[in-house]
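Structure record follows, encoded as structure tokens.
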Ligand SMILES: O=C(O)CCC(=O)C(=O)O
Ligand SMILES: [Fe+2]
């Protein structure tokens, strides 16, 4: 679980609360706790604001769910901007497999029509790769994603 605190800044255009990223885990349950704007997602290439709704959680698909579903569920790129007057608080709960497990696309979702997009990887190694990079757009580490011309019909 992570508690995010974003202090106000009189020049919000010069700062960023949280750089664009997708969450590493399978699902994130997010509460925009004090209902201040700032969260944006990238949809069809455009950044769009997610206006807080009272007593509602946001459910984010993370990179591990994208891997497990062989890309059928796509993780979502998002970022947080800063408000000029109001502080912002959010609470994110990250759900993920245990560190000693291995993840790969679910076998029944790998077919000749839908080749494997991701390699098999140990969860601990996956997180090591994730955290050894800067937050950047969609986050599935490159060497977990299989290059499109090398896609396979069996999980590696
Ligand atoms: O503060 C937010 O609304 C989003 C937080 C977030 O993306 C994260 O903690 O990964
Ligand atoms: Fe996030």
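Readers should treat all values here as calculations from the given coordinates under stated rules, not as data from a laboratory. These numbers were taken from a predicted model, which means no experiment stands behind them. When we count neighbours, we look across all protein chains shown, and the Cβ atoms used for this are built from the backbone with ideal geometry, even at glycine.
How would 37, 63 line up from fewest to most surrounding beta-carbon atoms within 10 angstrom?
Sorted ascending by nearby Cβ count, the order is 37, 63.
Using a/c under 1.5 as the rounded threshold, could you call segment 2-144 rounded, prolate or oblate? The axes a ≥ b ≥ c are square roots of the C-alpha gyration tensor eigenvalues, and prolate needs a/b larger than b/c, oblate otherwise.
It comes out prolate by the Cα gyration axes.
Kindly rank 85-94, 64-73 from highest to lowest mean number of other beta carbons found within 10 Å of each residue.
64-73, 85-94
Quick one: grab the alpha carbon gyration tensor of segment 28-80, order the square roots of its eigenvalues as a ≥ b ≥ c, and give me rounded if a/c is under 1.5, else prolate or oblate depending on whether a/b is larger than b/c.
Note, shape of segment 28-80 comes out oblate.
Which of the peptides 12-20, 119-127 is most tightly packed, and how do the rest follow, going by the mean number of other Cβ atoms within 10 Å of each residue?
119-127, 12-20
Starting from the Cα gyration tensor of segment 1-55, take the square roots of the eigenvalues, sort them a ≥ b ≥ c, and report rounded, prolate or oblate (rounded when a/c is under 1.5, otherwise prolate if a/b is larger than b/c, else oblate).
The shape class here is rounded.
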